[in-house]
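Working notes, beginning with the structure itself.
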Amino acid sequence: MKPKFSFISVLLIAMVTNISVSAQQLRWGAQAGVNINAPDSENTRIGFNVGGKAEYSFRSPSKGWLVDAELNLSYIPYGHKVSYAHEGTDEGNWNASKTADFNNNTYFLNIPVTAGYRVALSDNVSINFNAGMFFNTGLWGRAKLKYPGFDMDESSFKKGSEGGDMKRFNYGALVKAGVQFKEHYQLSVSYNQGLSKPGHDHALSNRQRMFNISLGYIF
């Protein structure tokens, strides 16, 4: 009797485990989107991102709790106005009423990690709300500033007055809302709030405030 009971117990445990594992799904996909970076006191700049993502659903792809992580190549530009002295109408008379655009065209490896909940609106449409953190690692970029008598074109991550003065690493928090169609097509909108200063210089002390719109496909 005992061997038979043990066999039935093992069989039931295996069935429950199989149901649990099949309900929990790990999926992969690709996505691309537009970045709109608008830090305080800096000009709004538009960039892009392209990469892949992984999503783990605790219940099913169409509803329930989930966690996701992305790995993106992100173009996140920064820019602001710089005042410079120029010669006035009278010889020897200099003033600083003119400005030039300082552009930091930076590329990062962007890694957002979030957790959220998905709600099924119909058989083919679901919505989700996520929150989490992002981490940026600087890859390359060029800092450019040009006005009469001055022309700078240096690495974005070169420290000092003759470079872009950007930090290689920064991080922050993010919130995201998304719509999923037929469990494969995903449209998401997110807001990234930097918690670290992107640059060494005071002119680059404004933390990242970036909106992102992405379209993806998950298998």
Residues of segment 139-152 being open to solvent by 40 Å² or more (accessible area, probe 1.4 Å), in contact (Cβ under 8 Å) with a residue 40 or more places away in the chain and hydrophobic (A, V, I, L, M, F, W, C), which ones?
Leu139, Phe150
Residue that is nearest to Ile76 (Cα to Cα) [pool: residues in segment 168-200 that are at pLDDT below 90 and open to solvent by 60 Å² or more (accessible area, probe 1.4 Å)]
Lys197
Which members of segment 95-144 meet the condition of being charged (D, E, K, R) and within 24 Å of the chain's Cα centre (by Cα)?
Arg118, Arg142, Lys144
Against the conditions (1) out of contact with any Gly (no Cβ under 7 Å at 6 or more places or on another chain); (2) aliphatic (A, V, I, L, M); (3) touching a residue at least 40 places away in the same chain (Cβ under 8 Å), where does Leu121 fall short? Just the number, please.
(3)
Checking Asn136 against (1) surrounded by fewer than 19 Cβ atoms within 10 Å (Cβ to Cβ); (2) in a strand (DSSP E or B), which single condition isn't satisfied?
(1)
May I ask you to verify whether Gly216 is modelled with pLDDT of 95 or more, on the phi < 0 side of the Ramachandran plot and crowded, with 17+ Cβ neighbours inside 10 Å?
yes
Could you say whether any residue in segment 17-33 is over 30 Å from Lys182 (Cβ atoms), at pLDDT 70 or above and touching a strand residue (DSSP E or B) at 6+ places or on another chain (Cβ under 8 Å)?
no
When (1) in a strand (DSSP E or B); (2) modelled with pLDDT under 85; (3) over 26 Å from the mean Cα position of the chain (by Cα) are applied to Gly79, the one that fails is (3)
If only one of Ser161, Ser155 is open to solvent by 90 Å² or more (accessible area, probe 1.4 Å), more than 22 Å from Leu26 (Cβ to Cβ), at pLDDT below 95 and among the polar types (S, T, N, Q), which one is it?
Ser161
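The values are calculated or read from the model by the stated rules, or taken from the named source; none is laboratory data. What you are looking at is a predicted structure, and each value in this text was computed from that prediction instead of being measured. Because the Cβ atoms are built from the backbone with ideal geometry, glycine has one as well, and the counts that use them run over all protein chains shown. Keep in mind that these areas ignore ligands, DNA and RNA; they rest on the heavy atoms of the full protein, side chains included. Shrake-Rupley method; radii C 1.70, N 1.55, O 1.52, S 1.80 Å.
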